[in-house]
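K.L.:
One structure is given below, represented as C-alpha cells, and several questions about it will come after.
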Amino acid sequence: MEGSGICDWGVIRSILAIIQWWGFNVTVIIMNKWIFQILDFKFPLTVSCVHFICSAIGAYLVIKVLKVKPLIVVDPEDRWRRIFPMSFVFCINIVLGNVSLRYIPVSFMQTIKSFTPATTVLLQWLIWRKYFDWRIWASLVPIVGGILLTSITELSFNAFGFLAALFGCLATSTKTILAESLLHGFKFDSINTVYYMAPLATMILAGPALVLEGSGVVEWFRTHPSLLSPLLVIFGSGVSAFCLNFSIFYVIHSTTAVTFNVAGNLKVAVAITCSWLIFRNPISAMNAVGCTVTLVGCTFYGYVRHMLSQQAPGTPRTPRTPRNKMELLPLVNEKLEDKV
C-alpha cells in the first residue's frame, strides 16, 4: 500500500507539473497576442526586453535571495566566450517569436514552431555532417508535410509573420547546436540558463528597442487613454515568462522524457484551442488537419529519439562508425528547448 501511495503521488505530481507548465505557457502566448492585437502595442522588441528584464530579476531572486536553486558558477571568461553567443541567439529567438505573434495567429505560429526538430536535424547534418538514423529522417516527413499543408491553407497568412516564425525555428535550432559545443560540461537547468542569459539578452536588445521603437512607445503612452491596465498586462506577461521558465525546471524533474514530449505537443493543441476561443481567428478544415499531422509527427519524432537513446551500449545504431566525437554528443538537455 505504501508503494502504491508513493506511485500515486508521483503520478499526481507529474500531472500537476504538466498542468502548471501548460498554464504558464498558454498565458504567455495569449497575453503577448493580446498586447499586440487588443492593446495595439505593436512593439515586439520592447515586449521582449520587458520579458528579459523580468526574467533576470526573477532568476536573481530565486537563486541569490530565496536560494531555491544553487548557482552554477561560470568563469567571467566563459561568460563572454560561451554564454554571450548563446544569449545573442536566445535574444533573436524570443524577438522572432514575438514578431511572428504580431502578424499571424497563435495557431499558425505554434504550428510553424513545431518545425524546430526538422531544422535542428538539418542544421546538424549540414554543418557538422552528423549522422542520423533513418528513422529520425522518416519521423520528419509528417512534420514537414503538416507544416506545408498548414501554410498553404492558412486563411490569415502573412509572409512577414511566417518568415519570422520560420527563422525563429532556425534560431532555436542554432541555440541547441551551440549548446552542444559551448555549454558542453555545464549541467545547466532552466533557472541558471535564464540567470546568465537574460541580463546579456537585455543588454543586447535594449539599444535596438530604443532606437527602432522608442518614439513609437512614447507616442503610444501619449495617446492611450488609460495606462494602468495595459501596463499590468505588459509587465504581467514578463512575470509569466519567467514563471514559465521556472515551471519548465519543475516539470523536467517530475516527468520522463517521453511524457515531456507528449505533453509538449498536447500543450501546443491547448494553446491553439485557447487562442481560437479568445481571438476567433478563422481556421479551415484542411488547416486543422495540417496542424494535427504536424503534432503527430513531432510526437513520433520524440518517440524515435527516445527509443534510439535507450539502446544498450554497444548496440549498433548506425551502419558506420561516427566521423568524430561531436556525433556522439547528445543535445544538451533537449527538454529546455521550449523556454520563452
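K.L.:
Report the residue count in the range 166-186 for those that are modelled with pLDDT of 80 or more and either closer than 10 Å to residue 82 by Cβ or of a type in the set (Phe, Trp, Tyr) (or both).
P.N.:
1
K.L.:
Which residue out of 251, 233 is surrounded by fewer than 21 Cβ atoms within 10 Å (Cβ to Cβ), among the hydrophobic types (A, V, I, L, M, F, W, C) and touching a residue at least 60 places away in the same chain (Cβ under 8 Å)?
P.N.:
Of 251, 233, the one residue that is surrounded by fewer than 21 Cβ atoms within 10 Å (Cβ to Cβ), among the hydrophobic types (A, V, I, L, M, F, W, C) and touching a residue at least 60 places away in the same chain (Cβ under 8 Å) is 233.
Residues checked against (1) under 29 Å from residue 88 (Cα atoms); (2) part of a helix (DSSP H, G or I); (3) in contact (Cβ under 8 Å) with a residue 12 or more places away in the chain; (4) in contact with a helix residue (DSSP H, G or I) (Cβ under 6 Å, 6 or more places away or on another chain):
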position	(1), (2), (3), (4)
137	no, yes, yes, no
140	yes, yes, yes, yes
146	no, yes, yes, yes
157	yes, no, yes, no
160	yes, yes, yes, yes
168	yes, yes, yes, yes
172	yes, yes, yes, yes
175	yes, yes, yes, yes
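K.L.:
Listed residues 256, 292; which is free of Cβ contacts under 8 Å to residues at least 60 places away in the same chain and at negative phi?
P.N.:
Just one listed residue meets the conditions, 256.
K.L.:
Moving on. Given the conditions (1) exposed (fewer than 15 other Cβ atoms within 10 Å of the Cβ); (2) under 30 Å from residue 132 (Cβ atoms); (3) among the hydroxyl-bearing types (Ser, Thr, Tyr); (4) under 19 Å from the mean Cα position of the chain (by Cα), and given that residue 301 satisfies all but one, which numbered condition is not satisfied?
P.N.:
Looking at each condition in turn, residue 301 falls short on (1).
K.L.:
If you don't mind, another one. How many residues does the range 64-87 hold that are under 30 Å from residue 230 (Cα atoms) and either in contact (Cβ under 8 Å) with a residue 60 or more places away in the chain or of a type in the set (Asp, Glu) (or both)?
P.N.:
Residues meeting the conditions: 1.
K.L.:
Only one of (1) modelled with pLDDT of 90 or more; (2) crowded, with 16+ Cβ neighbours inside 10 Å fails for residue 78. Which number is that?
P.N.:
(1)
K.L.:
Right, next: If the requirement is being of a type in the set (Phe, Trp, Tyr) and outside any helix (DSSP H, G or I), which of these qualifies: 52, 41, 24, 36?
P.N.:
The conditions single out 41.
K.L.:
Looking at residue 43, is it buried (at least 23 other Cβ atoms within 10 Å of the Cβ) and either modelled with pLDDT of 95 or more or not acidic (Asp, Glu) (or both)?
P.N.:
For residue 43, the condition - buried (at least 23 other Cβ atoms within 10 Å of the Cβ) and either modelled with pLDDT of 95 or more or not acidic (Asp, Glu) (or both) - is not met.
Here is a yes/no grid of residues against (1) among the acidic types (Asp, Glu); (2) closer than 18 Å to residue 62 by Cα:
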| residue | (1), (2) |
| --- | --- |
| 189 | yes, yes |
| 195 | no, yes |
| 214 | no, no |
| 219 | yes, no |
| 222 | no, no |
| 240 | no, yes |
| 243 | no, yes |
| 256 | no, no |
| 260 | no, no |
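The values are calculated or read from the model by the stated rules, or taken from the named source; none is laboratory data. If you're wondering where the values come from, they're calculated on a predicted model, not measured in any experiment. Cβ coordinates were reconstructed from backbone atoms using ideal geometry, including for glycine residues, and neighbour counts include every protein chain displayed.
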